[in-house]
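I have placed the structure first, in the form of structure tokens, so that the comments after it can refer back to it.
The values are calculated or read from the model by the stated rules, or taken from the named source; none is laboratory data. All figures in this text were calculated on a predicted structure; none of them were measured in a lab. Here the Cβ is made from the backbone with ideal geometry for all residues, glycine too, and neighbour counts use every protein chain on show.
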């Protein structure tokens, strides 16, 4: 890991900036991805601007952390925003958080950005935040995301039957967990 442990040679994770409002607006209001984010209504630019203004608050206050995933362009000094990665439902008492990830545009998928962003976030959560575990909830039909998390050692620990209502009927949702290896010895 580099000196800034929120980046590696492929991606950089950073806090949202005021100039990201239009980008977040387009991503959050893309109805094609609402299924994976459980979004039901559009976001206003006003609401996103307020969210960014409050993003300086830390995870201990807000119980969430949203970071922009930037792809590092090896041919220039400019990084390109390609998605978002979140820690949500942060529970400091039980030392755990949920993880969500989005690579917004299809042309940026399958390039390793999600894998590298998740790898960085895991290290940040375990080494810096000292979390005991991370979890993810993923539709059984989202094979790409299931593979992504499995490749980074998340284990399937359960299935919530008929959990997600879709236009095609009900879908199961898989619960995956990753326990911090440093705390594995202390489990009962």
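Restricted to the stretch 10-37, and to residues there that are loosely packed, with under 12 Cβ neighbours inside 10 Å and under 19 Å from the mean Cα position of the chain (by Cα), the residue that is modelled with the lowest pLDDT is 31.
With respect to the conditions (1) surrounded by 18 or more Cβ atoms within 10 Å (Cβ to Cβ); (2) free of Cβ contacts under 8 Å to residues at least 40 places away in the same chain; (3) closer than 14 Å to residue 11 by Cα, residue 65 lacks only one, and its number is (3). Of the residues that make up the stretch 163-177, is at least one in contact with a helix residue (DSSP H, G or I) (Cβ under 9 Å, 6 or more places away or on another chain), outside any strand (DSSP E or B) and modelled with pLDDT of 95 or more? There is no residue in the stretch 163-177 that is in contact with a helix residue (DSSP H, G or I) (Cβ under 9 Å, 6 or more places away or on another chain), outside any strand (DSSP E or B) and modelled with pLDDT of 95 or more.
Selection within the stretch 38-55: residues that are under 18 Å from the mean Cα position of the chain (by Cα) and at pLDDT below 70. The member of this set that is surrounded by the most Cβ atoms within 10 Å (Cβ to Cβ) is 39. Restricting attention to the stretch 111-148, the residues that are surrounded by fewer than 18 Cβ atoms within 10 Å (Cβ to Cβ), within 29 Å of residue 73 (Cα to Cα) and out of contact with any helix residue (DSSP H, G or I) (no Cβ under 8 Å at 6 or more places or on another chain) total 9. Condition check for residue 90 on (1) touching a strand residue (DSSP E or B) at 6+ places or on another chain (Cβ under 8 Å); (2) at positive phi: one failure, at (2). Pairs linking a residue in the stretch 39-53 that is over 28 Å from residue 164 (Cβ atoms) to a residue that is at pLDDT 70 or above and assigned to a helix (DSSP H, G or I), with Cβ atoms under 7 Å and 6 or more positions apart or on different chains, are 45/21; 45/25; 49/21; 52/18; 52/20; 52/21.
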